[in-house]
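**Q** Right, I'll just put the structure down here and ask away after.
The values are calculated or read from the model by the stated rules, or taken from the named source; none is laboratory data. None of these values were measured; they are calculated from a predicted model. We place every Cβ from the backbone using ideal geometry, glycine too, and count neighbours over all the protein chains shown. Ligands, DNA and RNA are stripped out before the accessible areas are found, and what is left, the full protein with its side chains, is counted by its heavy atoms. Shrake-Rupley method; radii C 1.70, N 1.55, O 1.52, S 1.80 Å.
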Amino acid sequence: MHVGILTGGGDCPGLNAVIRAVTLALINEAGARVTGIERGFLGLMLPASRPLDAAAVSGILAEGGTILGTHNRCDPFHYFGAGGADASADAIANAGRLGLDALIAIGGDGTMEIANRFIALGLPVVGVPKTIDNDIVLTERSFGFDSAVAVVSESLDRLVTTARSHGRVMIVETMGRYAGWIALEGGTAGGADVILLPELPFSVDAVAAVCRAREQRGQATLICIAEGACAIGEALTVQSTLPGSPDPLRLGGVGAWLQQRLQPLVASEVRSLQLGHLQRGGSPTPFDRVLATRFGYHAAQLLKAGRFGRMVALQGDACTSVAIADVAGRNRRVPPAHELVQAARGLGVSLGEI
Ligand code: F6P
């Protein structure tokens, strides 16, 4: 068996741990040959690849990013190298030239959508869910999320000291696209006083009222806002657009927007900070190293059993798999009645609701 592995979309802590687990499991348990496809699906187009063996994956468990490189704009079905035309036949031909029997695609919803189209064309693919956003459907966790939450939590711990010393309102903007998981868990772990999610449009007046009440008690305010959060009646704050990407909108800037809107309504100085790619960088947490290893090992088992068209998933703390077709093109957002949302309300954390 000759298996290709690629990482698609944005980088994420734990990608290398998956590459390592898949490679070692396939070599040790199936005597397989493993090839790394470089820079996501672009490596199938060019083609660009390299052999993976035990030596090649040695020492990468704790390394952030991806040793294979990635690409967030390469969709062979709308290939930028062909003026946006469908060049998927070239990718399939290259997979044949490389002698690949199957492919493991590690990525988010965009990667799963592309994988699903290749499966329909007869290329056997197994998927592994990756994203710091934790927004892939049918899996309770994706690796990378715990590492991002740890960065948000530590950032809030560090910022609260300045907020308290100066009596400030401090706004921290997290990533997460259209889902509020990072802000919800990071804000909870970091003890934020206000948590603003894309799933619950917020009132600037309600947030200002919380800040003023805290001022009167001599307390600073820590606000954790997701990049996809919107005030009631306002549109998403878009930082830039990336033409050709499966998701061209690059969100960002809502923290600075809120700072401008809040400052005239409160007495304290309001500051904001966008955490950005700090949340995606660096070494994965031990939880993510273990989850990525479990996912990689499970992906190898699916391949060995010929169970193609499946994506590894975590359900009820067990590794299982779901049909990639059921995942493609969908997002998992925070349900407004989620247990942690209710806990936040119960503990007096404001969600910006009126
Ligand atoms: O999907 C992961 C993510 O980090 C989102 O949280 C964020 O909106 C987006 O990717 C940023 O993408 P890029 O690195 O292309 O700017």
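**Q** Please find the FRET efficiency linking Gln239 to Arg261, where r is the Cβ-Cβ separation and R0 is fixed at 25 Å, and quote it to the nearest 0.05.
**A** Between Gln239 and Arg261 the formula returns 0.90.
**Q** Sticking with this structure for a sec: Hey, what number do you get for the chain at 222 nm if only DSSP H runs of n ≥ 4 count, each worth -39500 (n - 2.57), divided across all residues, to the nearest 500? Mind dumping the intermediate values first?
**A** Working: 11 runs with 127 residues, N = 354.
Here the helix-only value at 222 nm equals -11000 deg cm²/dmol.
**Q** Sorted by accessible area (1.4 Å probe), largest first, how do Tyr178, Tyr297, Tyr79 line up?
**A** Tyr297, Tyr178, Tyr79
**Q** How much net charge surrounds Ala220 when only the other residues with a Cβ under 9 Å from the Cβ of Ala220 are counted, with Lys and Arg +1 and Asp and Glu -1?
**A** Working: positive: Arg164, Arg168, Arg214; negative: Asp193, Glu215.
Here the count lands on +1.
**Q** Ok, one more. Per the Cauchy relation, a quarter of the hull surface: what is the mean projected area of the convex hull of the alpha carbons in segment 145-280, in nm²?
**A** Values: hull surface 31.0 nm².
Projected over every direction and averaged, the Cα hull of segment 145-280 covers 7.7 nm².
**Q** Filter the GluC sites (Glu not before Pro) in segment 175-252 down to the DSSP loop ones having no more than 14 other Cβ atoms within 10 Å, then list what survives. Display every interim value, and only then the final one.
**A** Details: sites: Glu185, Glu199, Glu215, Glu227, Glu234; in loops: Glu199, Glu227, Glu234.
Taking segment 175-252 and a limit of 14 other Cβ atoms within 10 Å, the loop GluC sites (Glu not before Pro) found are Glu234.
**Q** Evaluated at 25 °C with a viscosity of 0.890 mPa s, what Stokes-Einstein diffusion coefficient in µm²/s does segment 1-72 have when Rh comes from the Kirkwood expression over alpha-carbon pairs? Numbers along the way, then the final one.
**A** Working: Rh = 12.0 Å.
Here the translational diffusion coefficient equals 204 µm²/s.
**Q** Provide the solvent-accessible area of Thr23, counting protein heavy atoms only and rolling a 1.4 Å probe, rounded to the nearest 10 Å².
**A** My reading of the accessible area for Thr23 is about 0 Å².
**Q** Additional query: With a 1.4 Å probe and all protein chains kept in place, how much accessible area does Lys304 have, in Å² rounded to the nearest 10?
**A** The value for Lys304 is about 90 Å².
**Q** Between Arg250 and Gln216, what is the label-point separation in nm under the 7 Å Cα-to-beta-carbon projection?
**A** Going from the Gln216 label point to the Arg250 one covers 4.3 nm.
**Q** Of Trp257, Trp181, which has the most accessible area and how do the rest follow, probe 1.4 Å? Please list the in-between numbers first.
**A** Details: Trp257 70, Trp181 10 Å².
These residues rank, largest area first, as Trp257, Trp181.
**Q** Something else now. For Met170, what accessible surface area do you get with a 1.4 Å probe? Give it in Å², rounded to 10.
**A** Surface accessible to solvent at Met170 totals approximately 10 Å².
**Q** Further, regarding this structure: With a point put 7 Å past each Cα toward its Cβ, work out how far Val204 is from Ala318 in nm, to one decimal.
**A** Roughly 5.0 nm, to one decimal.
**Q** Where Lys and Arg each count +1 and Asp and Glu each count -1, what net charge lies around His298 among other residues with Cβ under 12 Å from its Cβ?
**A** +4
**Q** Another question, if that's okay. Determine the gain in length on full extension of the stretch Val290-Thr162; use 0.36 nm per residue of separation and subtract their C-alpha separation, reporting nm with one decimal.
**A** Taking 0.36 nm per residue and subtracting the Cα distance, the gain is 42.6 nm.
**Q** Then there's this: Separation of segment 213-287 and segment 6-77 by C-alpha centroid, Å?
**A** 33 Å
**Q** Note down the relative contact order for segment 145-280 as a percent, whole number, built from C-alpha pairs under 8 angstrom at least six residues apart.
**A** With pairs under 8 Å counted, the relative contact order is 32 percent.
**Q** Can you give me the orientation-averaged projected area of the convex hull built on the Cα atoms of segment 115-166, in nm²?
**A** Numbers: hull surface 19.7 nm².
Here the figure is 4.9 nm², rounded to one decimal.
**Q** Using the Cα atoms of segment 32-86 to build a convex hull, what is its mean projected area in square nanometres?
**A** 4.5 nm²
**Q** By what distance, in whole Å, do the Cα atoms of the chain stretch along each of the three principal axes, largest value first?
**A** Each principal axis gives a Cα extent; for the chain these are 69, 41, 31 Å.
**Q** Want the number for Leu98 to Ala120: 0.36 nm per residue separation, take away the alpha-carbon distance, what's left?
**A** 5.9 nm
**Q** Now for a different question. FRET efficiency for Asp86 and Ser58, Cβ-Cβ distance as r, R0 = 30 Å, nearest 0.05?
**A** The formula returns an efficiency of 0.15 here.
**Q** How do Ser272, Ser147 stack up against each other in accessible area, from largest to smallest, with a 1.4 angstrom probe?
**A** Ranking Ser272, Ser147 by accessible area, largest first, yields Ser272, Ser147.
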